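Worksheet: one structure, shown below.
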Amino acid sequence: MTQTHDSNIITRNYFDSLLLEMRHFDAVIPDTSFTLFGEKFKTPIMMAALSHLNKCHPAGLEEMARGALAAGAVMWSGMGEDEEIERICKTGAKTIKIIKPHFDNAEILREIAWAEKVGCFAVGVDIDHAFNGSGQYDNIFGTVPLSGKTTEELASFVKASNVPFIIKGVLSTKDAKKCLDIGVAGIVVSHHHGLMDYAVPPLAVLHDICRLIKGKIPIFVDCGIESGMDAYKAMALGATAVSVGRAMMGPLTDGGATAVTQKINEMTAQLAGTMARTAVPNVNSMDRTVIHYSHKITRSGKPPTSMWNHDKGSQPK
């Protein structure tokens, strides 16, 4: 029986409900490269800010970084020891470190400084992992106490960072506006792999967030990205780039860095193929009017009004 409350299933269904026009006039071989914080990459398909991957491969995230480097992709890292992020950066992969919202702000500031020292080209804080399901502050493994953060606290982390600072876990225009207000360099639209039941799919709120941001900072999307087609849909709706998490864990387990590189390349090729068949020459030329919403997954037979109410000529009748 389908678990209708499961945010991951809801997100997958939303991805699969999005259909694409084919466009062939003036189509060219597409360019999938993109530039982030002054660095150029071959693909907008990035790693997700994962943690504790030693069960997948003895070298864990370090091996994942080697795969990302070979594919010309951005590496992200989540929770881990100081030595781990240092080893990741030593692979040469351009890496973004996402820090947990520790109860002790001094620990967050220390991790920001360490990430900068070992060579991360951006850092950030994961704001959506502060509470447990009972409304109390979470405590990872019983040894890492977390807490919610005020706007003022988050602003202090932005000011303390000497590299671009990113907020991960934005799933509303309200939080996106606060991110702009405190001067963040980018946001990750995410529900943290279904941390809360019935969470809105990232792509369902992405358009409204993009209208608010107006291109001032990059917008990244994670949760459920499994293919180059998923990446295309996210980027057509306004994402600058996407992060892939669980879909990379299998390749890492089965074949290490080589398999990770192959998976990124396969997804990038699928992205390029879809760009070619929709006449999109590069990642800066994505057009959301190519997206149509399948009527079949809604009880009323109509698409959610929030997806279409700002478009002209795209709303199904």
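Mean separation of Cα pairs under 8 Å and 6 or more residues apart, divided by the residue count, gives the range 219-283 a relative contact order of 36 percent.
For the range 188-242, the solvent-accessible area of protein heavy atoms averages 33 Å² per residue (probe radius 1.4 Å; ligands and nucleic acids excluded).
Using the Cβ-Cβ distance between THR151 and ARG12 with R0 set to 22 Å, the FRET efficiency works out to roughly 0.10. Taking the Cα atoms of the range 150-189, the ratio Rg/Rh between the radius of gyration and the Kirkwood radius comes to 0.93. Given Cα pairs under 8 Å that are at least 6 residues apart, what percent is the relative contact order of the chain? 24 percent. Relative to the Cα centre, the charge distribution of the range 1-122, modelled as +1 at Lys and Arg Cβ and -1 at Asp and Glu Cβ, gives a dipole magnitude of about 220 debye.
The simple Förster model, with R0 at 25 Å and r as the Cβ-Cβ distance, assigns LEU19 and ALA276 a FRET efficiency of 0.90. For the chain, a Gaussian network of Cα nodes joined below 10 Å ranks CYS179, CYS120, CYS56 by mean-square fluctuation, and the top entry is CYS56. Between ILE264, ILE140, ILE167, the Gaussian network model of the chain with springs among Cα atoms under 10 angstrom shows the greatest mean-square fluctuation at ILE140.
Each part gets one Cα centre, and for the range 68-104 versus the range 211-269 those centres are 17 Å apart. Report note on the peptides 188-200, 153-165, 28-40, 233-245: ranked by the mean count of other C-beta atoms within 10 Å, highest first, their order is 233-245, 188-200, 153-165, 28-40. 7 Å from Cα along Cα→Cβ at both LEU180 and ASP197: what's the point-to-point distance in nm? The two pseudo-label positions are separated by 3.5 nm.
About its Cα centre, the range 85-153 has a charge dipole of approximately 400 debye under the convention of +1 per Lys or Arg Cβ and -1 per Asp or Glu Cβ, with nothing else charged. Please list, in order, the residues from the range 121-152 whose amide nitrogen is less than 17 Å from a point placed 7 Å along the Cα→Cβ vector of GLU107. Residues passing the 17 Å test: 124-132, 136-150.
Extending 7 Å from the Cα toward the beta-carbon at both THR253 and PHE37 defines two label points whose distance is 3.0 nm. Nonpolar atom fraction for the chain, defined as the carbon and sulfur part of the 1.4 Å probe accessible area, stands at 52 percent. Comparing MET249, GLY67, ALA231 along the charge dipole axis of the chain, the residue lying farthest to the positive side is ALA231, per the Cβ-charge model. With each label modelled as a point 7 angstrom along the Cα→C-beta vector, the ASN139-ASP26 pair spans 6.1 nm. Averaged over its residues, the range 93-143 has an accessible area of 45 Å² per residue, based on protein heavy atoms and a 1.4 Å probe.
The values are calculated or read from the model by the stated rules, or taken from the named source; none is laboratory data. Note that the structure is predicted; figures quoted are calculated from it, not measured. Glycine also receives a Cβ, built like all others from the backbone with ideal geometry; neighbour counts cover every protein chain displayed. Heavy atoms of the whole protein, side chains included, go into the accessibility calculation; ligands, DNA and RNA do not. Shrake-Rupley method; radii C 1.70, N 1.55, O 1.52, S 1.80 Å.
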